[in-house]
Amino acid sequence: MNGFGIIKGMIETARNFVGSYHDAQRLTTVQYPEQKLPPVENARTIPFLVFDGDDAMAGLRCTACVICEKECPPQCIYIVKDQVKKPDYVGKMQMQPKVFDIDISVCMSCGICVEVCPFDAIKMDQVFELSTGDRFGKLLLDKHQLAKPNDYFVKIHKTEASEIDVRREEDKRKAEAAAAAKAAAPKSPATPGAAK
Amino acid sequence: MSASTLPSELAEPASDHQLLEVSLGPQHPSTHGVFRMDVSLDGEMVVKLKPVFGYLHRNHEKIAEKCSYLGSIPYTDRLDYICSLTNNWAYAMTVEKLAGLVAPERAEYIRVILSELTRLINHSALAGFLLQDMGALGTPLMYAFREREKILDLFESLTGARMMCNYMRFGGCRCDLPPGWIEQTRSLVANFPSFLDEFEALLTGNEILQARTEGVGVLTPQLAVNAGVTGPMLRATGVNYDIRKVDAYGVYGRFSFRVPLGERGDVFDRYMIRILEMRESLKILEQALRDIPAGPIIDPKAKLRNLRPKPGEAYGRIEGPKGELGFYLISDGGPNPYRYRIRPPSLINLTILEDMCLGQTIADAVVILGSVDIVLGEVDR
Amino acid sequence: METIEQIKARIEAAAPGTRAEIVLNGSPANQPSLLLDCGHARAVAQFLRDDPALAFDYASNVTGVDWPEKTIKEKIKVKKMMEGVEKEVEEVCERKTPAYLEAVYHLYSMARKHGPLILRLRTENRADQVALPSLTPVWRSCEFQEREIFDLYGIHFEGHPDLRRILMWPEFTDYPMRKDYVEADDYEYEPTPHDAVLARARQHYPGGTPA
């Protein structure tokens, strides 16, 4: 019968309209600024730099190896190496960044920098309310704005962060054991190269 | 035509009619982005139609020639931004061919699951957009997007992003499935048929939809094959060509599913093929979710950074939701591809747009364009 | 599908005078291609499409490749008479590859479900002799793709029904996908952290940045 299809369609619309009042499957949206969806562990927005301890600049894991700068597809990372080295978590002297800028107006949130970083120093953040009136100044983040503590990393990416923490603890333990063994070993003054 | 038209105007012979040239687009809601059609109209009838491209052209191919093999993957997301995961797969597969990598079985299953979910997203969104073009403003599209949201939630919990997934890698996938993901997907797949039934009850039997689509924009199989039309548009004309069956790439050879075919090649067939393909995708998803094996997700030989394939070339193609999505890579042994070419299905499907629209009314031209299913990120690259 | 050698023999039998050459492919993909001479390309294409056993009715991908002149240094061992004794010495020999533009066609058969067969056509050089026969009369799917090659590489396809720029605007003069294309410097003059871009923009606009 002509017109029956339209009536059938109207019934569907009515069912969806009524359903949206009680069925969560039919109303998937939330009222954003008041209500917020629970965070998703894997979600990523822009990168941040992880630091250990309390002092952000002293505990920065980044060693200014510039791998992320080279690999970043839209080239939004700018690194200048510092001449002064600092010890990393196992006590080895490492380079550190003098300048570490990310232009987040260019960043496309792909996460390639995180993937290629061998030091677990750069990770993806989950902040998304980044709009600003100043297009050029406030969208260029420097290392002070980018640095966030490891606790924050653990909070947002629990699985990944705890794996990394376990591995770093292990490395630290090994390094300490090696140092202790070295200290315990009898020193032989006949080998001047040992001083290195 | 209004009642005030003089009879003398009506009686004018067709040859004396002044043709009206209309530039439809680039800022027009029916053009699905920044696409323009230069249309010549005789009254309401289309007598000439020239598509104009390039508003979203950013020379993706040149950018990729300056990027490493890894660095191009996020750019492929932005080609057809509704189906980022199938773009990832086509590129990853071509690099695998070029460098001789083999993705482990689990990764291949994950790829199948993700690309079939992508097909669900694309086809349901297309049906919504098509109805939008016909004047059903909002409702079907809103229902389609509601279901799409649920799939995007799955993508977000796996890949970290809803649309720009950047998930597949040459030699496998980036990370393993999070706990509970398979179960969530299973329940989504179990609920999806009821959405499709509702959607069909809303649309397929609707007399207005039938009147607007049946016999409109008919495409013959001979022209479709010769013009390189692929995907649902080709199968709506009745040509049985699905690369999932023909090449059986990945692990598609292991699943039993059928290839829906149309009869007349009009807009209604194109709409119907997509609905039927979604039902077949659900079958594939059920089988893949049942059979997915445990194991590694990336080839241990795969070197993501500094990949330098041997000099040579490779062409890889997959059945994307819009048609044959191909990548053609030439390596000269360096860290960047020497030549990087995308075969964009939506651009080539537009070749016969003029043939389909000639003699139809301007309102039908809009519907025909909607049924081609274009995404300008891919057309213009 | 027949092997590429068989197809080559069939082509040469079907279109007498054709010079076809098999181009090997070093990658694991193992997709060799056939280099055709321009004079017979269209006849060969017609044959490939209409032959019932081959039936390549579907030209999937058409693309251009730019091969500028390149100097290859090779070490070769040569025998030389040195001080009356024959000795084998290594010599660095420089060899220049010819410069040309190339159009590559990937053909499949929808009727017989086989492929790909890859055809290549090469221009004489990259400067003035850049014409190739268009295969659009054989396969409609080449229409936009050949236009794109014309737009981005500057190959002139003779016999193309509508050879215009497709992605760039009509007034544009250069060919952006060529390897020696110099990027325009008159965009992105806003203050960005890309100092290099800013410097380029200043050079382009002497006397301050444009409004």
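The values are calculated or read from the model by the stated rules, or taken from the named source; none is laboratory data. On a predicted model such as this, the values are computed, not experimentally measured, just so you know. Counting neighbours? That spans all protein chains shown, and the Cβs are built from the backbone with ideal geometry, glycine included. All accessible areas refer to the heavy atoms of the entire protein, side chains included, with ligands and DNA or RNA removed. Shrake-Rupley method; radii C 1.70, N 1.55, O 1.52, S 1.80 Å.
Before moving on, here are some points about what is shown:
- Rounded accessible area of residue A:92 (nearest 10 Å², 1.4 Å probe): 130 Å²
- Accessible-area value, residue A:6, 1.4 Å probe, nucleic acids and ligands omitted, Å²: 60 Å²
- Degrees between helix B:181-203 axis and first principal axis of chain B (Cα, 0 to 90, nearest 10): 10 degrees
- For the protein assembly as shown, size of Cβ-based charge dipole, Lys and Arg +1, Asp and Glu -1, in debye: 2880 debye
- Residue B:27/residue A:130 FRET efficiency (R0 22 Å; Cβ-Cβ; nearest 0.05): 0.20
- Amide H contacts of residue C:60 (H built 1.01 Å from N, in plane; Pro and chain starts excluded): C:106, C:107, C:108 sit under 5 Å, all sequence-distant by 5 or more or on other chains.
- Ordering A:89, A:185, B:295 by the projection of their Cα atoms onto the charge dipole of the protein assembly as shown, which places +1 on the Cβ of Lys and Arg and -1 on the Cβ of Asp and Glu, puts A:185 at the extreme positive end.
- Taking B:139, B:237, B:351 as the candidate residues, the one with maximal mean-square fluctuation in a Gaussian network model of chain B, Cα springs under 10 Å, is B:139.
- Shape class of chain B from the Cα gyration tensor (axes a ≥ b ≥ c, square roots of the eigenvalues): prolate, since a/c reaches 1.5 or more and a/b is larger than b/c.
- Calculated FRET efficiency for the pair residue A:99/residue C:112, C-beta based, R₀ 51 Å, to 0.05: 0.25
- Cleavage-rule hits, trypsin sites (Lys or Arg not before Pro), segment B:287-377, DSSP coil, Cβ neighbours within 10 Å at most 15: B:301, B:303
- Under-5 Å amide H pairs with residue B:320, H placed in peptide plane, nonlocal only: B:325
- For segment B:243-266 and segment B:28-86, distance of Cα centres in Å: 26 Å
- Each of residue A:13 and residue B:181 was given a label point 7 Å from its Cα along the Cα-to-Cβ line. The distance between the two points is 3.9 nm.
- Annotation: amide H of residue B:36 within the under-5 Å range of B:52, sequence separation 5 or more or interchain, hydrogens built in the peptide plane.
- Overall form of segment B:267-381 per C-alpha gyration tensor (a/c, 1.5; a/b vs b/c): oblate
- Options B:276, B:45, B:241, ranked by Cα towards positive dipole end of chain B, top entry (Cβ charges): B:241
- Residue with peak Gaussian network fluctuation, chain C [Cα springs, cutoff 10 Å], from C:111, C:55, C:184: C:184
- Using only side-chain charges placed at the Cβ, +1 for Lys and Arg and -1 for Asp and Glu, the dipole size of chain B relative to its Cα centre rounds to 2020 debye.
- The magnitude of the dipole of segment A:1-92, with charges of +1 and -1 set on the Cβ of Lys/Arg and Asp/Glu and taken from the Cα centre, is near 260 debye.
- For segment A:91-107, 3J(HN,Hα) per residue [Karplus equation, 6.51 cos²θ - 1.76 cosθ + 1.60, θ = phi - 60°, Hz, x = Gly/Pro]: x, 7, 6, 10, 5, 9, x, 7, 10, 9, 10, 10, 8, 6, 7, 9, 3
- Gap separating the Cα centres of segment C:3-27 and segment A:113-163, nearest whole Å: 57 Å
- A DSSP coil position with no more than 15 other Cβ atoms inside 10 Å describes the following GluC sites (Glu not before Pro) in segment C:1-68: C:2.
- Estimated from helices alone, the mean residue ellipticity of chain B at 222 nm is -14000 deg cm²/dmol (sum of -39500 (n - 2.57) over DSSP H runs with n ≥ 4, per residue).
- Cα-based reach from residue C:77 at 29 Å (exclusive), listing lysines while leaving out same-chain residues under 8 positions away: B:310, C:87, C:96
- GluC sites (Glu not before Pro) within segment C:99-146: DSSP coil, no more than 16 neighbouring Cβ in 10 Å: C:124
- Segment B:277-330, relative contact order in percent, only Cα pairs under 8 angstrom and at least six apart counted: 22 percent
- Only helices enter this figure: runs of n ≥ 4 DSSP H residues, each worth -39500 (n - 2.57), summed and divided by the residues of chain A, yield -10500 deg cm²/dmol at 222 nm to the nearest 500.
- Cβ-based net charge around residue B:98, under 15 Å, with every Lys or Arg adding one and every Asp or Glu removing one: +4
- Only Cα pairs under 8 Å and 6+ residues apart enter the sum, and on that basis the relative contact order of chain B stands at 27 percent.
- Local electrostatic count at residue C:126 - Lys and Arg +1, Asp and Glu -1, tallied over other residues with Cβ under 14 Å: -2
- The protein assembly as shown shape via C-alpha gyration tensor axes, a/c threshold 1.5: oblate
- For segment A:66-162, the fraction of C-alpha pairs farther apart than 18 angstrom is 53 percent.
- Relative contact order of chain C, defined on C-alpha pairs under 8 angstrom at six or more residues apart (%): 16 percent
- Model label points for residue A:138 and residue A:165, set 7 angstrom from Cα along the Cα-to-Cβ axis, are 3.3 nm apart.
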